[in-house]
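To start, the structure under review is shown below, and the notes come after it.
The values are calculated or read from the model by the stated rules, or taken from the named source; none is laboratory data. No experiment lies behind these values; they were computed from the predicted model shown. Note: ideal-geometry Cβ built from the backbone for every residue, glycine included; neighbour counts use all protein chains shown.
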């Protein structure tokens with residue numbers, strides 16, 4: 001029977017059916033991918049359109065999906081019935097964990113004669129109905145609801161296409177299958193199905209994320225202060241406060257520029273009540289002028305070149321890296337504790353600038369070596385902004401002081 | 001010819017009734033709507049494009065798809081609203097059914113008679129209304145009804161892809177015997193909607209109906 005069936009199929013008919021089948025797979029891909037973009041879809045009817053759409057159904061074509069799908073479908077493996085064409089929908093969390101949610105599968109099986117009307121027009125109409133079914137079914141699988149709730153802060157939905165047996169083991173235990181429909185044609189039976197995950201528990205892989213960012217509500221409990229935390233972590237190596245202030249807790253002590261005799265303590269005025277640093281505040285101010293010393297300028301210009309180099313090399317990545325540097329060194333930044341309100345009014349800006357620069361030039365951890373340094377001009381601007389917000393900081397600190405029982 | 005018949009039964013809250021019926025009937029109609037036929041001559045035609053729209057339900061955890069045709073959607077909504085209003089009124093005992101029937105017209109042998117309507121597919125939704133006590137129950141009901149409708153939508157698509165009977169594509173002069181050509185943007189197969197509501201005192205069994213009928217006859 002199969003032979004007779006093939007005999008009846010002319011070259012033109014086969015070509016036509018191949019074309020229909022390929023376009024069905026292409027349009028099915030569009031339907032599936034677009035349904036997972038997280039937005040409601042609405043396409044208008046075109047009652048007077050001159051150029052007919054495939055299968056008389058208004059399905060938008062996203063160029064990137066067309067390109068991706070054609071890459072896979074043009075291999076003709078699909079029409080040889082060796083492998084099914086699969087579209088895998090997966091979820092990726094903001095932490096980088098992945099979970100495959102469902103796999104849609106278009107398969108071409110060996111043909112069989114059902115005795116029904118198998119002319120081109122009839123098959124074309126049935127393919128239209130099959131696509132409509134696909135549109136309806138894509139809205140009711142569990143992945144649809146998830147896709148509508150996606151966002152860059154929580155998770156995003158991803159897709160990929162491949163020509164192989166569907167990887168059902170990725171869908172976890174208890175996955176289910178839906179057969180969307182099938183059409184018998186002379187070149188084979190086209191079958192559309194979906195296998196989807198039912199257990200949505202994600203097991204996060206251990207990421208090497210830095211958990212050093214400490215979130216705490218009790219800022220005024222001195223025992224829990226981040227400052228104490230840093231000091232305590234470096235207790236085994238340092239015996240005096242001045243040493244601690246000079247060398248970062250985890251920094252490489254062998255770095256050359258740290259051997260320079262820059263003995264002035266940054267923010268020493270903040271600790272004037274606690275530590276005896278000599279009775280010469282005027283000297284402090286003079287020393288603060290060191291920030292414009294030739295050596296400093298050399299180093300700054302050096303770092304400025306690096307930034308431009310980075311900008312040239314990395315383009316868009318620069319901003320991202322700068323953000324990263326702010327996050328990763330957030331602990332140290334907190335050490336400043338926005339203390340300008342407590343600083344002496346004279347010279348506080350320079351002192352802060354100098355501290356920032358020193359902090360910037362401090363020996364970097366291996367991880368942060370690639371990060372570009374902050375430019376001096378940006379720093380100045382940043383400090384000026386902080387300065388302009390001084391009153392606001394003052395008032396915040398005052399309100400906190402009033403409400404905190406631990407603070408005297 | 002016997003019409004194919006599918007019956008869905010749902011238990012839900014009154015305010016979910018409209019959306020539940022709409023989600024099922026629109027899924028069916030989406031499959032049973034074609035683009036407008038543009039005839040070149042008596043037997044040759046081209047078909048225009050049908051658009052579709054996602055609809056989020058307010059009272060059920062569900063999104064369904066319908067044709068992007070305002071005129072069709074207005075017509076369907078009106079029928080469902082009439083049914084739902086009666087179902088939720090005091091005259092009802094909270095149960096009723098609504099049917100979507102596809103039919104084709106057969107010209108009568110006698111010119112003065114109306115053409116005969118022959119149904120070929122009937123979709124019936126039977127509803128039983130319940131009252132919920134609190135929001136927790138309401139939330140559970142939202143999800144439960146959403147899951148049930150999901151199963152039914154999957155069943156509809158399964159039926160639609162069977163190689164079952166569909167009226168033949170008509171020639172230009174016979175189009176109105178198969179399709180509703182009154183709508184400007186889509187061309188559904190001819191369909192009508194019927195509904196019935198059970199009154200508070202009347203049962204649904206044949207026996208009760210017969211008793212009522214005999215009683216009324218005797219009184220006359």
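Counting just the residues of the stretch A:152-188 that are under 29 Å from residue A:53 (Cβ atoms) and within 14 Å of chain B (Cβ to nearest Cβ), which one comes out nearest to the chain's Cα centre (by Cα)?
Only one residue fits best here, namely A:178.
Which condition number does residue B:31 fail, the rest of (1) within 11 Å of chain A (Cβ to nearest Cβ); (2) touching a strand residue (DSSP E or B) at 6+ places or on another chain (Cβ under 9 Å) being met?
Evaluating residue B:31 over (1) within 11 Å of chain A (Cβ to nearest Cβ); (2) touching a strand residue (DSSP E or B) at 6+ places or on another chain (Cβ under 9 Å) leaves (2) as the failure.
Could you list, in sequence order, the residues of the stretch B:41-62 that are under 13 Å from residue B:146 (Cα atoms), free of Cβ contacts under 8 Å to residues at least 40 places away in the same chain and away from chain A (no Cβ under 11 Å)?
B:58, the sole residue that qualifies.
Quick one: residue B:108 ticks every box in (1) within 23 Å of residue B:194 (Cβ to Cβ); (2) more than 14 Å from chain A (Cβ to nearest Cβ); (3) touching a strand residue (DSSP E or B) at 6+ places or on another chain (Cβ under 9 Å); (4) surrounded by 13 or more Cβ atoms within 10 Å (Cβ to Cβ) bar one, so which box is it?
Of everything listed in (1) within 23 Å of residue B:194 (Cβ to Cβ); (2) more than 14 Å from chain A (Cβ to nearest Cβ); (3) touching a strand residue (DSSP E or B) at 6+ places or on another chain (Cβ under 9 Å); (4) surrounded by 13 or more Cβ atoms within 10 Å (Cβ to Cβ), residue B:108 misses just condition (4).
Can you tell me which of (1) at the interface with chain A (Cβ under 7 Å from one of its Cβ atoms); (2) loosely packed, with under 14 Cβ neighbours inside 10 Å is the one residue B:36 doesn't meet?
Condition not satisfied by residue B:36: (2).
I'd like to know if the stretch B:185-203 contains one or more residues that are within 23 Å of residue A:129 (Cα to Cα), at pLDDT below 95 and assigned to a loop (DSSP other than H, G, I, E, B).
Yes, that holds for at least one residue.
Quick check: anything in the stretch A:130-140 buried (at least 21 other Cβ atoms within 10 Å of the Cβ) and free of Cβ contacts under 8 Å to residues at least 40 places away in the same chain?
Yes, that holds for at least one residue.
Got a number for residues in the stretch B:156-180 being more than 11 Å from every other protein chain (Cβ to nearest Cβ), in contact with a strand residue (DSSP E or B) (Cβ under 8 Å, 6 or more places away or on another chain) and touching a residue at least 12 places away in the same chain (Cβ under 8 Å)?
Final tally of qualifying residues: 7.
For residue A:364, all conditions in the list (1) at pLDDT 75 or above; (2) under 24 Å from residue A:351 (Cα atoms) hold save one; what is the number of the exception?
Only one criterion is unmet by residue A:364, namely (1).
Each row is one residue, and each column tells you yes or no for (1) within 9 Å of chain B (Cβ to nearest Cβ); (2) modelled with pLDDT under 90.
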{"residue": "A:39", "(1), (2)": "yes, no"}
{"residue": "A:43", "(1), (2)": "yes, no"}
{"residue": "A:49", "(1), (2)": "yes, yes"}
{"residue": "A:65", "(1), (2)": "no, no"}
{"residue": "A:70", "(1), (2)": "no, yes"}
{"residue": "A:87", "(1), (2)": "no, no"}
{"residue": "A:95", "(1), (2)": "no, yes"}
{"residue": "A:109", "(1), (2)": "no, yes"}
{"residue": "A:150", "(1), (2)": "no, no"}
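When residues of the stretch A:135-148 are filtered for being in contact with a helix residue (DSSP H, G or I) (Cβ under 8 Å, 6 or more places away or on another chain) and more than 8 Å from chain B (Cβ to nearest Cβ), how many remain?
Counting residues in the stretch A:135-148 that are in contact with a helix residue (DSSP H, G or I) (Cβ under 8 Å, 6 or more places away or on another chain) and more than 8 Å from chain B (Cβ to nearest Cβ) gives 2.
Just checking: which of the strands (runs of 3 or more DSSP E) contained wholly in the stretch B:31-133 hold 3 or more residues that are touching a helix residue (DSSP H, G or I) at 6+ places or on another chain (Cβ under 9 Å) and at pLDDT 95 or above?
Passing ranges, in order: B:52-56, B:63-67, B:95-106, B:116-130.
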